[in-house]
Amino acid sequence: MRVLTRPSACSCGILALIALFAPFATGPAAAQDEVQGEILAQDLVDGQGLTVLHVWGSHQEMGYAHGVLLAEWIQLAYTQMRGYFSAYWPTIRGRVSAWTFLPASADDEFQGILDGVRAIYPETTMDLIDLKACCTFGDWAYSIACRSTSCWGEYVEPPFTTLSARKLQFLTLPPQITQQWHHLICAWEPDDGSPAWVNFAFPGYASSVTGLNEYGTLASLHDWNSSSGTIYADALPRTMACRWILTMELGEDPLTHLQTVFDALQPYHCATGGFINYYVPDGGAGVIKSSRNSGFYATRLPRVEYMNGLSISTNNSDINGTTGIAPWDAYYQTLSPPEVCATMEGLWETAYQATDMHIVEVGFRGERDMAIWFCGRVQSGMGARVEWEWADLFRDPVTVEEAESLLPVRRTPFPNPAGASGATLVFSLDALGGEGTGAGAAREGRVGSASPSEARVLVFDASGRLVRTLVAATAGSTKGGTIFHWDGRDDQGRRVPAGAYACRLAGSREAERVVWMGR
């Protein structure tokens, strides 16, 4: 598929499983051939590690790109989750099918993700309810050790005006569910005017347990009396509430955003009790309290008794905010502005713990101007910290015109995506012949006849580097030309990174085939 230009713990706890049945139904949407997304970075070992992804366009298009580019891992997560929770899966599906999913546009994203997975794995048995069940795991399993904090104003060392941090402590699932250790930073850039946002989650998630929007608001979930109370079938999952309040119409003044989202949440029952941190920068932060019985019923604001009201923190207790919490309180007590102020490194070192599922820290300078630090746990321990700027997560992808300047031959899209076994390409050899033989011709990839046995197809990455030379497939020719198969590996037998690749018939001016290779 072609990359398109966009328009202008180990923590101990008891697993709580839902015991409510309800009907469910769903149907697929039409698939598409364009992928409006790119993998910005990927560091995986045996499927564990970190992927950084940018998607843009309509909500369905963003979901589709997410699904295509991460199909292997979404399918694997579904297989592992359904396999391990097989005895409970019908119950989980029943509960999820009755829940209220907001925003409405998220349904387009989930459907797009499913369509993308089906484009790569047409044999998948996963449906929309299965996908939503995997992505709302945070609403049917709980933990008790999350921590979050934010500070601003005189307590923060410039150039930042607000620092916010979040430690996700979650249940360690059985080791056969390996996708608990595949972390995803996904930059979502919708074209409908709703806020751009970054989700710190796992492949397939359009829900959120930790997220950041373009205003610099860091939202996250904490447990507290999460499984207590009356179960309402049509409740709003907190994992969707967390995502919705990052991306709803919020207004131009960030200091009004907390009240705006609280008012929007109040009509709904809450599927899972606890806290939603809504850390709006520069003094707009607060914590939304929820329970199954009372819904989203109150907010907690910074208290002047602690750090002059220039900080707020959350753990897994119903604190009043007049005192600090571990681990950051001890660090805050060392501050003496303006001489000694909080830094990103200081908050990070204080927060770091090898049993965290992930750690996120945001240094806010202004809207769409932030430093973002992240690390996530893999089976062997905590991964390395990565540091991104907001602008780099939302950078313009390489355009077709820019790619053509790197590879100065005409290019045409090829039927995509490449499947799990690779891509099959067909080239006409009519344009070959009479270009000479010998060492010079061999170095330039030219062939001296139109024989399929001597024809070669050269595969280039987006930088113009030759990664693979293909010979004609043993299947020979079809009416349309000679068949070449690329298995998605380079000349050394290694899987190539996900991305767009140009496949050129050596010695010919026939248009290149642009193939999108996923992982």
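The values are calculated or read from the model by the stated rules, or taken from the named source; none is laboratory data. Computed from a predicted model, the values in this text were never measured in an experiment. Cβ coordinates were reconstructed from backbone atoms using ideal geometry, including for glycine residues, and neighbour counts include every protein chain displayed.
Here Tyr78 passes the criteria (1) closer than 26 Å to Ala196 by Cβ; (2) within 18 Å of the chain's Cα centre (by Cα) except the one numbered (1). Does Glu214 fit the bill of being surrounded by fewer than 20 Cβ atoms within 10 Å (Cβ to Cβ), under 23 Å from Glu389 (Cβ atoms) and either at pLDDT 95 or above or basic (Lys, Arg) (or both)? Taking the combined requirement at face value, the residue does not satisfy it.
Out of the residues in segment 457-482 that are at pLDDT 70 or above and among the basic types (Lys, Arg), state the one that is farthest from Met517 (Cα to Cα). Among residues in segment 457-482 that are at pLDDT 70 or above and among the basic types (Lys, Arg), the one farthest from Met517 (Cα to Cα) is Arg465.
Of the strands (runs of 3 or more DSSP E) lying entirely inside segment 284-359, those containing at least 1 residues that are within 30 Å of Ser380 (Cβ to Cβ) are 311-314.
Of the listed requirements (1) modelled with pLDDT of 95 or more; (2) within 28 Å of the chain's Cα centre (by Cα), Ala330 misses just one: (2). Residues in segment 187-200 that are of a type in the set (A, V, I, L, M, F, W, C) and crowded, with 23+ Cβ neighbours inside 10 Å: Ala187, Trp188, Val198, Phe200. Would you check if Val287 is under 25 Å from the mean Cα position of the chain (by Cα), within 16 Å of Arg166 (Cα to Cα) and in the same structural domain as Tyr331 (by TED's automatic domain parsing)? Against the criterion (under 25 Å from the mean Cα position of the chain (by Cα), within 16 Å of Arg166 (Cα to Cα) and in the same structural domain as Tyr331 (by TED's automatic domain parsing)), Val287 qualifies. Screening Thr51 with (1) at pLDDT 90 or above; (2) part of a loop (DSSP other than H, G, I, E, B) gives one miss only, at (2). For Thr149, the criteria (1) surrounded by 20 or more Cβ atoms within 10 Å (Cβ to Cβ); (2) under 17 Å from Phe202 (Cα atoms) hold in every case but one, which is (2).
Conditions (1) hydrophobic (A, V, I, L, M, F, W, C); (2) outside any helix (DSSP H, G or I); (3) outside the structural domain of Ala271 (by TED's automatic domain parsing); (4) touching a strand residue (DSSP E or B) at 6+ places or on another chain (Cβ under 9 Å), marked per residue:
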| site | (1), (2), (3), (4) |
| --- | --- |
| Val198 | yes, yes, no, yes |
| Ala206 | yes, yes, no, yes |
| Leu221 | yes, yes, no, yes |
| Ser226 | no, yes, no, yes |
| Thr230 | no, yes, no, no |
| Ala233 | yes, yes, no, no |
| Glu249 | no, yes, no, no |
| Thr256 | no, no, no, no |
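Residue-by-condition table, conditions (1) of a type outside the set (Gly, Ala, Ser); (2) touching a helix residue (DSSP H, G or I) at 6+ places or on another chain (Cβ under 8 Å):
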{"residue": "Arg300", "(1), (2)": "yes, no"}
{"residue": "Asp318", "(1), (2)": "yes, no"}
{"residue": "Gly324", "(1), (2)": "no, yes"}
{"residue": "Trp328", "(1), (2)": "yes, yes"}
{"residue": "Tyr331", "(1), (2)": "yes, yes"}
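Candidates are the residues of segment 483-519 that are surrounded by 18 or more Cβ atoms within 10 Å (Cβ to Cβ) and charged (D, E, K, R); the one that is modelled with the highest pLDDT is Arg504.
Which one of these is at pLDDT 95 or above, out of contact with any helix residue (DSSP H, G or I) (no Cβ under 6 Å at 6 or more places or on another chain) and surrounded by fewer than 21 Cβ atoms within 10 Å (Cβ to Cβ): Ser11, Ser58?
Ser58
Does Thr124 satisfy being modelled with pLDDT of 95 or more, among the β-branched types (Val, Ile, Thr) and part of a strand (DSSP E or B)? Criteria not met by Thr124.
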